[in-house]
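*Asks:* I'd like to ask some things about the structure below.
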Amino acid sequence: MTEFAISAHGLGKRYRIGQVESGFVRLRRRVGRLGPQESLWALDDVTFDVAEGDAFAVIGRNGAGKSTLLKVLSRITEPTAGFADVRGRIGALLEVGTGFHPELTGRENVYLNASLLGMTTHEVDRRFERIVAFSGVERHINTPVKWYSSGMYIRLAFAVAAHLDPEILVIDEVLAVGDLEFQKRCLDRMSEVVREGRTVIFVSHNMNVVRRLCRNGMLLDGGRVLTTGAVNDVIGTYLSSIEPDEGGRRQWAPHERPGDETFSLAEIRVTDEDDEPRTTFFTSKPIYVTLEFDVEELNPALNVAIELAGGDGTVGFFTSFRDMPEGSAPELLRGRNAFRCQIPPGLLNAGRYAINVRAGLHGVRWVAFEDAVLHFDTIADHGESLFLTGAMRPGLVAPALQWHAVEPAPAGERALSAS
Amino acid sequence: MAIVGTVERVDSPISTRRIQPSTGFLAIDLQELWRYRELLYRMLWRDIKGRYKQTFLGPIWVILKPLVSMILMAAVFGGLAGFKSGTNTPYPLFLFAGMLIWNYFSSAFGGAAGSILSNSGLMTKVYFPRLYAPLATVVSPLVDLALAMTITFGLFGWFGTWPNWHIVFLPVFVLLALVVGMGIGIWIAGAMVRFRDIGFMLPYAIQLAMYASPVLYPVSRLPKPYSDLIALNPMTSVLDGFRWALIAAPAPNVGVLAVSAAVGIVILVGGLFNFRRVERTIVDHV
């Protein structure tokens, strides 16, 4: 039998609904003039085990009970029912800057924060150099943090938390902060923690990160456990459980449509093979982008295109329906047109993409030039070797290309090209 | 052929904790408080440094406040209303000593009462022994008290009286003031989260309580039933004892002192149990 780090049985947490009601109403309720408040089970009969050394993901949409579960496990609040056995200290990676005091210096805040997380001065002393080096604020460590930039603040806060040594580390969406470079370092540090054999409980909306860091996971919905198991299966269940209309589609009201009488954009959607609009896709499957637009006045110079851009706006590629050879390109009609473009499997990298709509009269003017009308995320799962290394590939695309061994060029030619 | 060996599993010192709804009376987890002891020190430092942030005169304010209010009060109550200390202690000195410890009590009490609210940002994000929030807020104003006490030496010179050996007992009564402030404060701390109105009531309550405590007048000046009843006020023992120790005021009535001190301790012990009950889920109401 493997040792468990956390073993929860029938864990439940009830909240009273309507906690924003005024103190007066609550007083009357206390006195008994009003009936009991309605309640809601934020966690309902949650049972799961996390093995020691596992990297365990808790996923689900907003309000599924993920944060409540973390709060109960880290003893911020008590459960209403059930129990959980926790082996060892649980350290929560604090929301950035929690417990930082603006008047205290970076150094003082490191110690304050660490003691909040249950570390002793002695433990911090041993790690202090590493913490400071990780954060990159060496020069300002004796400056009150109120003079810090928000980036420095975040980095220092994360550095403290990342160098904690609890047996179980709980992480809730912290990677959403900081610049890309720092996020990458955080991720690397997380992978390191996992490799060290520490138990990690990870809550995130970012399926790429979840997939990269975690081995097992649990899907929560409405406070209940939908499924537990290998992280890929859990993510799959999660993605297929997302209601199609939750995203992946944008429509414009008639008077707000980009364009004019030659092209007027009505709707754009990104869909999977089953024609369901989605916000998250696997890169091993094709992704379809569909534009619906009205044409009142047919203009042969009209070109309709999209750009696919990365999260930072860098354009990955531009594609238009006129790229198709003469004859097989879709034909523009008066009235409603719906053009679909397929982004082939195995092309995109993992990450967030934005779609820019570009419609124009060739050589005359742009008709619609709309940036980032729709976003979607991808989970890279094409290619066996591609995404197993842990680190993310650079670049907006990550095609698995052909590599072959060929005959080396004759020596004479090599010398020639070197000169 | 494989050589099969058994690896002895060394029992690690990692302990298992069961997280579950708690029931019944809950004792204070002293072990845990000890484990987190450094947190108290860090929180104190945070409070103290935060208090004097970017003030030029910093500590001067702490000294000026009781001094100015003492002068005003002495003029109104001592001068106009003709209040006396009841002994040969000069009334302004009597008043100042009383206000010193009363000011400490009121910041300790106010701080402890608001400690959950003021630390709610932390409490909703991380677990730590909740008791340290009120404890830090009652300990940090001790610095103010110590600073303000320096001025009493000026007053001693002015009035030509000096403390005697009683002063070694001063810490006892300061501690008693802490007990009372913390005791009442933590009774209110939980309720204050749920009923914010209490926050508005507190300043008035403290003001009223001052008149119901022997700050402006000595117990000996009270008519008969009241001079006994005031023993139920835990601050009576604090004020009487503090004056006895600091300015060598005459010894208070031992019965009154004992009853009053006992009331203070009972309030604290009850408050601790109540706090334990409340702290378990208080963040749900923040």
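The values are calculated or read from the model by the stated rules, or taken from the named source; none is laboratory data. Note that the structure is a prediction, hence the values are computed from the model and not measured. FYI the Cβ positions are ideal-geometry reconstructions off the backbone, even for glycines, and counts take in every protein chain you see.
*Asks:* Quick check on B:GLY111: is it in contact with a Gly (Cβ under 8 Å, 6 or more places away or on another chain) and either surrounded by fewer than 21 Cβ atoms within 10 Å (Cβ to Cβ) or away from chain A (no Cβ under 14 Å) (or both)?
*Replies:* So B:GLY111 fits the description; yes.
*Asks:* So which residues in the stretch B:18-34 are facing chain A (nearest Cβ under 8 Å) and modelled with pLDDT of 85 or more?
*Replies:* Of everything in the stretch B:18-34, those that are facing chain A (nearest Cβ under 8 Å) and modelled with pLDDT of 85 or more turn out to be B:ARG18, B:ILE19, B:GLN20, B:PRO21.
*Asks:* Follow-up. Just checking, which of B:VAL126, B:VAL219 is more than 14 Å from chain A (Cβ to nearest Cβ), among the aliphatic types (A, V, I, L, M) and touching a Ser or Thr at 6+ places or on another chain (Cβ under 7 Å)?
*Replies:* None of the other options fit; the residue is B:VAL219.
*Asks:* Name the pairs whose Cβ atoms lie under 7 Å apart, with the first residue in the stretch A:341-355 and in contact (Cβ under 8 Å) with a residue 24 or more places away in the chain and in the same structural domain as A:ILE268 (by TED's automatic domain parsing), the second among the hydroxyl-bearing types (Ser, Thr, Tyr) and surrounded by 21 or more Cβ atoms within 10 Å (Cβ to Cβ), and 6 or more positions between them or separate chains?
*Replies:* Hits for this filter: A:PRO345/A:THR283; A:GLY346/A:THR283; A:LEU348/A:THR283; A:LEU348/A:THR378; A:ALA350/A:THR378; A:GLY351/A:THR378; A:TYR353/A:THR378.
*Asks:* Could you tell me whether the stretch A:321-331 includes any residue that is modelled with pLDDT of 90 or more and in a strand (DSSP E or B)?
*Replies:* For the stretch A:321-331, residues modelled with pLDDT of 90 or more and in a strand (DSSP E or B): absent.
*Asks:* Something else about it: Any residue that is touching a strand residue (DSSP E or B) at 6+ places or on another chain (Cβ under 9 Å), assigned to a helix (DSSP H, G or I) and either assigned by TED's automatic domain parsing to the domain that holds A:PHE158 or within 23 Å of A:ASP54 (Cβ to Cβ) (or both) - is there at least one of those in the stretch A:217-228?
*Replies:* no
*Asks:* Mind checking which residues of the stretch B:39-96 are within 14 Å of chain A (Cβ to nearest Cβ), of a type in the set (Val, Ile, Thr) and assigned to a loop (DSSP other than H, G, I, E, B)?
*Replies:* Selection gives B:THR55 alone.
*Asks:* Moving on. Out of all the residues in the stretch B:233-261, which are assigned to a loop (DSSP other than H, G, I, E, B) and surrounded by 24 or more Cβ atoms within 10 Å (Cβ to Cβ)?
*Replies:* B:ILE247, B:ALA249
*Asks:* Output the number of the condition that B:PRO171 fails; it satisfies all remaining conditions of (1) within 28 Å of B:GLU279 (Cα to Cα); (2) assigned to a helix (DSSP H, G or I).
*Replies:* (1)
*Asks:* Please pick out the residue among A:GLU108, A:GLU103, A:GLU129 that is surrounded by fewer than 19 Cβ atoms within 10 Å (Cβ to Cβ) and at the interface with chain B (Cβ under 10 Å from one of its Cβ atoms).
*Replies:* Result of the check over A:GLU108, A:GLU103, A:GLU129: A:GLU103.
*Asks:* Of the numbered conditions (1) at positive phi; (2) within 14 Å of chain A (Cβ to nearest Cβ), B:VAL193 fails exactly one; give the number of that condition.
*Replies:* (1)
*Asks:* Separate question: Under the condition of being hydroxyl-bearing (Ser, Thr, Tyr) and away from chain A (no Cβ under 14 Å), which residue from the stretch B:138-160 is surrounded by the fewest Cβ atoms within 10 Å (Cβ to Cβ)?
*Replies:* Checking each candidate, the answer is B:THR150.
*Asks:* Continuing with the same structure: Which ones in the stretch A:103-123 are in contact with an Asp or Glu (Cβ under 9 Å, 6 or more places away or on another chain) and free of Cβ contacts under 8 Å to residues at least 40 places away in the same chain?
*Replies:* Within the stretch A:103-123, A:TYR111, A:SER115, A:THR120, A:THR121 meet the criteria.
*Asks:* Please verify whether the stretch A:80-94 includes one or more residues that are surrounded by fewer than 22 Cβ atoms within 10 Å (Cβ to Cβ), modelled with pLDDT of 85 or more and away from every other protein chain (no Cβ under 14 Å).
*Replies:* no
*Asks:* Which one of A:THR314, A:THR279 is surrounded by fewer than 16 Cβ atoms within 10 Å (Cβ to Cβ) and modelled with pLDDT under 95?
*Replies:* Unique residue meeting the criteria: A:THR314.
*Asks:* Restricting attention to the stretch A:243-261, does a residue exist that is in a strand (DSSP E or B), without any contact (Cβ under 8 Å) to a residue 24 or more places away in the chain and either within 20 Å of the chain's Cα centre (by Cα) or over 30 Å from A:GLY88 (Cβ atoms) (or both)?
*Replies:* yes
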